[in-house]
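Step one of this worksheet: look at the structure below.
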Amino acid sequence: MASPLDCVADLVVIGAQVVTMNAAQPRAEAFAVADGVVVRVGSDAEMASCRGPATVVYNAAGLTVLPGFVDAHAHPGDSGMEAGFVDLDGAHSMEAVVARATAWRAAHPDAKWVQGGPWDGIALASVAPLAALDAEFGTTPVFLWSEDGHSAWVNTAALRAGRLLTENVPRGGQVVRDASGGLTGVIREAAVDAVTAVMPVPTADAVDAGITSALLELRRYGITSVIEASSDLSLLAGWRRAERAGRLTARVFAAMPIDLGEGAPAVARVAKLARKYRSERLRVNAIKLFVDGVVEPKTALMLDPYIGGGTGPVQFEDAELDELFDSADAAKLQIHAHAIGDAAVRQVLDAESRLVARRGPADRRPILAHLEFVSPVDAPRFATLGAIADLQALWAYPDPYVTALTVPVVGEARANAAYPFAMLAKAGAPLAAGSDWSVTTLNPWPAIEVAVTRRDPDAPGEVLGVGQGLTLDQIVAAYTLGGAHAIFADTWLGQIAPGFKADFVVLDRDPWAIPTEELSDVKVKLTAVDGELFSRGFVDSGN
Ligand SMILES: [Zn+2]
């Protein structure tokens, strides 16, 4: 037993089933926290000497405690701000979309643009919205994003603002036209960026409101660290305001997007931000590269042709990636690549291999997010290169995106090989996991269930890719240890162990003791960041 003086805790958690994620001490009953750091892990009795008059005692009453989750790919700032725009959730017809947008404009008479989303990518997949939006909104630009953010609906005024009415479509972008060459009002990839670049910058108040609601959601789901996988200057300023006000209740690791053609100067700008934002709660540490698009509209880069031909539009040329990888490496910035198609995955791994050849091996941990298709040949290269496989596990079941939109463009057999999680795990790829919120829910538990079952978490049916599921241990590790590794924080986050930050969650049930189909129902009762407890109703009044 330790002596009475060696441990004076601010907080002691007792009576818990602590799943520590620390291999040296995998399970425990209790732990003690001082100055936001775990100082002792063990039995209830072993915490007695840590308890002083000011120590808060939290009795977990037998509940399971895990390290706080690391969401390794999400868009918390943007997602939090969506509430301020047109909400198209549940609008399944063009008439319903126009009605929602009209009502929003009436409620926001000063808004210069009508912005909102996401439109229903299944029911409205083949709609040409231009005429209806022009008829209703005239010279007011309209921008309605898709569920995956890689496409948008716009009217003529928005096309004009983004300089997309000419034939000069930006490289890597698409302004979709119909069979007779007429504009449809659908734009994709770099054409979306061309419009968002000229949209009004949100006010600080709007950013702060969005960040407040994002932080609430992060606490609700036990996300204590998150990679913001496409931040921007106004969001960074907003996160910093929250930090200074003591309201930043999650650690934000920001990846800054680099557009096509920007090259090394853009990396230098990110390096400057990395020097400005480097606290324990707010960090800029990566560049984000959209190496391809998405499968459904055939903008993902594929090794084999889509049905009907084509392998998808190349975004970055290899030489451009080399320039970006070199300058990022020199500035100690991490790569965070959006890579959906197997050719995009290979392009990133090849670029990393060339970087190693040029600049020598180093601990770089490039992140490849999404990984819908990965060639078996490339799976072992993740381990070799130390590249992180960043999984959005909730996508890995036969939902309509797979059955109605993916199967028609790649066929049944290839679609069934999507999201090869077990292949990556068996090949030793370091795994991390993320929600891509608001593309899909921030809640990790439906994703954890799907990672294991590969079936619809709400109505279990067909399996996608038999044998490609992970174990519960593997996916929980990806959300904790693996995420901490992905953000270079594996020496201080991702475990409940002495010396680690007291970021943890209390669950309403034991995930290892319930049927797999119940995993999506697991709720977080309490979230703690640096030992600060949220959901204070559960806290005992001390001793
Ligand atoms: Zn994303």
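Bear in mind that the values in this text are calculations on the coordinates, not laboratory data. Please read these numbers as outputs of a predicted model, since none were measured by experiment. All Cβ positions, glycine included, derive from the backbone under ideal geometry; neighbour counts span all protein chains shown.
Descriptive notes on the structure:
- Modelled label positions at Ile122 and Arg509, each set 7 Å beyond Cα in the direction of Cβ, lie 2.5 nm from each other.
- Label-point separation in nm, Ala54 to Lys426, each point 7 Å along Cα→Cβ: 5.6
- Low-density loop cleavage sites - trypsin sites (Lys or Arg not before Pro) in the range 101-169, where at most 12 other Cβ are within 10 Å (DSSP): Lys112
- Over the range 489-535 - Rg/Rh using Cα atoms and the Kirkwood inverse-distance radius: 1.06
- Start at zero, step by 10 Å, and the Cα-Cα distances of the range 325-378 spread as 24, 54, 22, 0 percent across the bins.
- The shape of the range 356-453 can be summarised by an equivalent ellipsoid whose semi-axes, obtained from the alpha carbon gyration tensor, come to 26, 17, 11 Å from longest to shortest.
- Between Glu95 and Ala383, the distance separating the two model label sites (each 7 Å from Cα on the Cα→Cβ line) works out to 5.8 nm.
- When each of Lys288/Lys525; Lys288/Lys501; Lys112/Lys332 is checked by Cα-Cα distance, pairs over 30 Å: Lys288/Lys525; Lys112/Lys332
- A Förster radius of 22 Å, combined with the Cβ-Cβ distance separating Arg247 from Ala362, puts the computed FRET efficiency at roughly 0.05.
- Extension gain for the segment Thr403 to Arg27, taken as residue separation times 0.36 nm less the Cα-Cα distance, is 131.2 nm to one decimal.
- Intensity falloff of the chain expressed as log10 I(q)/I(0), Debye formula with alpha-carbon point scatterers, at q = 0.05 Å⁻¹: -0.20
- Evaluated at q = 0.15 Å⁻¹, a Debye calculation over the C-alpha positions of the range 433-510 (equal weights, vacuum) places log10 I(q)/I(0) at -0.62.
- 0 to 90° range, to nearest 10: angle between helix 318-330 axis and the chain longest Cα axis: 30
- Tensor-based shape of the range 286-486 (alpha-carbon gyration tensor, a/c under 1.5 rounded, otherwise prolate or oblate): oblate
- Stretching the chain fully between Lys112 and Leu216 yields a gain of 34.6 nm (0.36 nm per residue, less the alpha carbon separation).
- Whichever aspartates and glutamates have a C-alpha closer than 14 Å to that of Lys298, once near sequence neighbours (fewer than 8 apart) are set aside: Asp148, Glu189, Asp342, Glu372
- For the range 200-243, the spread of Cα positions along each principal axis, largest first, Å: 32, 19, 18
- Considering the range 83-233 at the alpha-carbon level, its Rg and Dmax are found to be 16.0, 51 Å.
- Counting 0.36 nm for each residue step from Thr166 to Thr196 and taking away their Cα separation leaves a gain of 9.1 nm.
- Per residue, the convex hull spanned by the Cα atoms of the range 288-370 measures out at 78 cubic angstrom.
- Two-decimal log10 I(q)/I(0) for the range 182-337, as the Debye equation yields it once each C-alpha is a single scatterer, q = 0.14, 0.16, 0.20 Å⁻¹: -0.83, -1.02, -1.27
- Rg in Å to one decimal, and Dmax rounded to a whole Å, for the range 237-292 via C-alpha atoms: 12.7, 38
- The range 113-196: translational diffusion in µm²/s, Stokes-Einstein, Kirkwood Rh over Cα pairs, 4 °C, 1.567 mPa s: 104
- Normalised size of the range 265-311, defined as Cα radius of gyration per 2.2 N^0.38 Å with N residues, equals 1.84.
- Rounded to whole Å, the principal axis extents of the Cα atoms in the range 2-136 read 78, 32, 24, largest first.
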